[in-house]
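These notes are about the structure you will find just below.
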């Protein structure tokens with residue numbers, strides 16, 4: 001017999017209460033297990049994801065804080081070593097020194113100072129130039145300026161012993177002159193041309209020089225002037241090119257000073273005059289008083305020339321050199 005019933009042929013047992021409770025417990029346990037697994041693995045998963053993202057992200061450039069460039073500390077400027085002048089500059093310095101020396105010998109102290117200062121600008125801290133500047137200040141009665149220059153010379157590190165001794169002597173003379181009364185100063189300055197000598201006793205730049213003069217009274221009013229003349233060492237002197245001019249001056253009853261009209265005798269007392277042994281040659285000059293008794297001897301002026309150029313002078317009293325200056329160069333009018 002065919003079963004036409006729609007019910008399933010498999011019989012179902014009725015679901016009881018016990019089964020339902022067990023199913024609920026099993027579901028709750030599964031939920032708890034899932035929660036525990038999630039609680040345990042979720043942080044690690046997040047950390048792994050973050051690590052992966054960081055690893056894939058390109059590193060950002062490290063930004064260093066801006067630092068201002070350090071300002072370099074200025075170093076002290078070293079004093080430049082003076083350079084030796086080239087040939088053209090050296091020739092100019094030599095010419096300026098020679099012009100200053102010439103001006104000094106004829107009493108043109110302003111011109112001499114101007115020339116030697118030009119040389120000093122071209123060759124600073126040169127002892128020879130500084131000493132010339134100092135002696136010109138002396139001649140201009142600028143003793144404080146002269147003393148300052150002498151002290152500058154003494155401070156030069158390479159100053160030779162001879163120049164050091166000479167400079168100290170000149171500085172000492174300035175100090176002594178300040179302490180002397182006016183009358184003593186007048187006596188010191190009575191003879192003009194006896195100062196401002198170099199280590200050879202000559203005017204700087206001169207070939208010949210007067211190293212000493214001595215006036216001796218003779219009989220019947222005569223005067224003997226002994227002149228010691230020296231040449232610069234190492235120079236060859238042509239006696240034909242040398243001239244010694246001696247001028248004696250008289251004063252009349254009215255006080256007028258004139259060149260004497262009396263005869264003057266000259267004689268070398270140290271022949272032969274060859275200038276070869278670096279020793280002074282001695283020239284004697286004799287003054288004979290004029291026949292007119294209204295004239296009296298007042299003094300003398302001496303000049304030495306070489307190749308027509310004035311080398312050195314002496315005058316006593318010194319005012320004669322100012323009132324009756326000698327020419328710098330000899331001409332046909334004054335051979």
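The values are calculated or read from the model by the stated rules, or taken from the named source; none is laboratory data. Keep in mind that what you see is a predicted model, and the values were worked out from it rather than measured. Positions of Cβ are generated from backbone atoms using ideal geometry, with glycine treated the same way; all protein chains shown enter the neighbour counts.
In the stretch 262-283, how many are surrounded by 11 or more Cβ atoms within 10 Å (Cβ to Cβ) and either under 24 Å from residue 319 (Cα atoms) or without any contact (Cβ under 8 Å) to a residue 60 or more places away in the chain (or both)? The total comes to 14.
Screening residue 254 with (1) more than 27 Å from residue 108 (Cα to Cα); (2) in contact with a strand residue (DSSP E or B) (Cβ under 9 Å, 6 or more places away or on another chain) gives one miss only, at (2). Within the stretch 125-147, the set of residues being out of contact with any helix residue (DSSP H, G or I) (no Cβ under 6 Å at 6 or more places or on another chain) and either closer than 14 Å to residue 94 by Cα or not assigned by TED's automatic domain parsing to the domain that holds residue 160 (or both) comprises 126, 128. If you go through the stretch 298-335 and keep only what is farther than 21 Å from residue 281 by Cβ, at pLDDT 85 or above and in contact with a helix residue (DSSP H, G or I) (Cβ under 9 Å, 6 or more places away or on another chain), you end up with 298, 299.
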